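Q: Take this structure, written in structure tokens, and hold onto it; I'll ask about it next.
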Amino acid sequence: MIEVKDITKKFGRKKVLDGVSFTANKGEITCLIGINGVGKTTILNAIMNLTPTNSGEILIDGEKIHRETYEKITFIPDAITMLPQMRITDAMQFMKDFYHSWNQNRADELISFFKLDPNDRISSLSKGNTAKVNMLLGLALDVDYLLMDEPFSGIDIFSREQIADVFTSHLVEGRGVIITTHEISDIEHLIDKAVLLNDGVVLREFNAEEVRENEGKSIIDVMREVYQA
Amino acid sequence: MNIKINSRDPVYIQVIQYFKEQIATGVLEPGQEISSRRELANKLKINPNTAQRAYKEMEEQGLIFTEGNLPSRITKNEVIIKQVREELILEAVNTFIASVQSINVPLEEAIGLIKKNYEKNPGGQEGNQ
């Protein structure tokens, strides 16, 4: 389980996170929802310890993040971090050199799942295929937790569907996923838990199926209540 | 698989409802093997934990059964299959009654209209989700 406990973060005088708390379980898909600028990416960066927080605590399976943690949690940023002149196969080699948890079999499987050509250069890929390579580099790690920042934004519907298919496959099964989005409709039926954010605070954290069952509401209904109240 | 998942009802209940309809109409036959949980999640684009929950619930209701590590199958229990069919019919009738009562249609008139229109509408699949 990933536990985010009352974290605050300031950029200069601006408070970006103002006491954010939530949990994300292994084997579940947790979705951080909010418009641009509410601090979603900052939260993911904080979990990965890529940015210091001003207060609060983040625990991964009960421990603070340390060197070995990076073998069991990974971050898929919203833009690919590989050099443009690299071929997909170079990018995979790069990941393999860095991480023990790199699983080449799974990487090969993802190559065919996404119908990619490993000899293509990153710079020559369409936006949709770049997003798929970006996903591949994270998904091919044998990690317990995956953080994904806006994996659906700015790509065509078929690529979005292909990426959404990953969530119902064994490629994600059993792992804990935290995904951020400002567009819920692609994944409304895929997520276990929704965390609604605004202005650096959590407005509501709920299990999607429970809200449907107990209140007869969709995730979007709850968002409307929370954001337009 | 033509099932349209709506976003307000619990997804696992919609999945169970879908299976009940398939069982009642005989599309899924007694003892027939069904998709694995993951295959179902993938086909319907739903959360695998939800598919798992739907199967668990159906198992408890006796709609499906699983032997050891084999794929789950539709029940062979005819009493249960008959109950499912009756349950679906009753549900549909109750919905119908509620909607005609809300616009004050007398029973005789409703029955007349049913008889008149029943044959005209052979598809039967419409609005069936």
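Q: If B:I5 satisfies every condition in (1) in a helix (DSSP H, G or I); (2) within 14 Å of another protein chain (Cβ to nearest Cβ) but one, which is the exception?
A: (1)
Q: Hey, among A:I187, A:I178, which residue is modelled with pLDDT under 90 and either outside any loop (DSSP other than H, G, I, E, B) or within 14 Å of the chain's Cα centre (by Cα) (or both)?
A: So the residue among A:I187, A:I178 that is modelled with pLDDT under 90 and either outside any loop (DSSP other than H, G, I, E, B) or within 14 Å of the chain's Cα centre (by Cα) (or both) is A:I187.
Q: Hey, another quick one. From A:D199, A:D156, which residue is touching a strand residue (DSSP E or B) at 6+ places or on another chain (Cβ under 9 Å), loosely packed, with under 15 Cβ neighbours inside 10 Å and not β-branched (V, I, T)?
A: When all the criteria are applied, what remains is A:D199.
Q: While we're on this one: Could you tell me whether A:L196 is assigned to a strand (DSSP E or B), more than 9 Å from every other protein chain (Cβ to nearest Cβ) and either hydrophobic (A, V, I, L, M, F, W, C) or within 21 Å of A:M1 (Cα to Cα) (or both)?
A: Spelling it out, A:L196 is indeed assigned to a strand (DSSP E or B), more than 9 Å from every other protein chain (Cβ to nearest Cβ) and either hydrophobic (A, V, I, L, M, F, W, C) or within 21 Å of A:M1 (Cα to Cα) (or both).
Q: Within the stretch A:112-120, does at least one residue satisfy the condition of being under 25 Å from B:L44 (Cβ atoms), among the aliphatic types (A, V, I, L, M) and either away from chain B (no Cβ under 14 Å) or not in a strand (DSSP E or B) (or both)?
A: no
Q: More than 8 Å from chain A (Cβ to nearest Cβ), under 16 Å from B:T75 (Cβ atoms) and in a helix (DSSP H, G or I) - does that describe any residue in the stretch B:37-52?
A: Among the residues of the stretch B:37-52, not one is more than 8 Å from chain A (Cβ to nearest Cβ), under 16 Å from B:T75 (Cβ atoms) and in a helix (DSSP H, G or I), which makes the answer no.
Q: Also, quick follow-up: When only residues in the stretch A:142-154 that are part of a loop (DSSP other than H, G, I, E, B) and over 18 Å from A:A79 (Cα atoms) count, which is nearest to the other protein chains (Cβ to nearest Cβ)?
A: Selected residue: A:D144.
Q: Give all pairs with beta carbons closer than 8 Å in which a residue from the stretch B:26-48 that is within 13 Å of B:L70 (Cβ to Cβ) meets a residue that is basic (K, R) and assigned to a loop (DSSP other than H, G, I, E, B); count only pairs at least 6 apart in sequence or on separate chains.
A: Once the first residue is within 13 Å of B:L70 (Cβ to Cβ) and sits in the stretch B:26-48, its partners that are basic (K, R) and assigned to a loop (DSSP other than H, G, I, E, B) give B:G31/B:K76.
Q: Got a number for residues in the stretch A:194-222 being out of contact with any Asp or Glu (no Cβ under 6 Å at 6 or more places or on another chain) and in contact (Cβ under 8 Å) with a residue 40 or more places away in the chain?
A: Qualifying residue count, the stretch A:194-222: 7.
Q: Does A:T41 satisfy being modelled with pLDDT under 95 and outside any helix (DSSP H, G or I)?
A: Working: modelled with pLDDT under 95: yes; outside any helix (DSSP H, G or I): no.
The answer is no for A:T41.
Q: Right, here's the next one. Got a number for residues in the stretch A:203-229 being surrounded by 20 or more Cβ atoms within 10 Å (Cβ to Cβ) and of a type in the set (A, V, I, L, M, F, W, C)?
A: 3
Q: Moving to a separate point now. I'm told A:I157 meets every condition in (1) free of Cβ contacts under 8 Å to residues at least 24 places away in the same chain; (2) within 11 Å of chain B (Cβ to nearest Cβ) except one. Can you identify the failing condition by its number?
A: (2)
Q: State which residue is nearest to the other protein chains (Cβ to nearest Cβ) when the search covers only the stretch A:160-172 and only residues that are over 14 Å from the mean Cα position of the chain (by Cα) and free of Cβ contacts under 8 Å to residues at least 60 places away in the same chain. Quick ask: steps written out before the conclusion?
A: Let us first name the residues in the stretch A:160-172 that are over 14 Å from the mean Cα position of the chain (by Cα), namely A:160-162, A:165, A:168-171.
Okay, now just the ones that are also free of Cβ contacts under 8 Å to residues at least 60 places away in the same chain, so A:160-162, A:165, A:168-170.
Values: A:R160: 11, A:E161: 8, A:Q162: 12, A:D165: 7, A:T168: 4, A:S169: 6, A:H170: 7 Å.
Result: A:T168.
The values are calculated or read from the model by the stated rules, or taken from the named source; none is laboratory data. Everything numeric in this text was worked out from a predicted model, so none of it was measured. Neighbour counts are summed over all protein chains in view; Cβ atoms, including those assigned to glycine, are modelled from backbone coordinates with ideal geometry.
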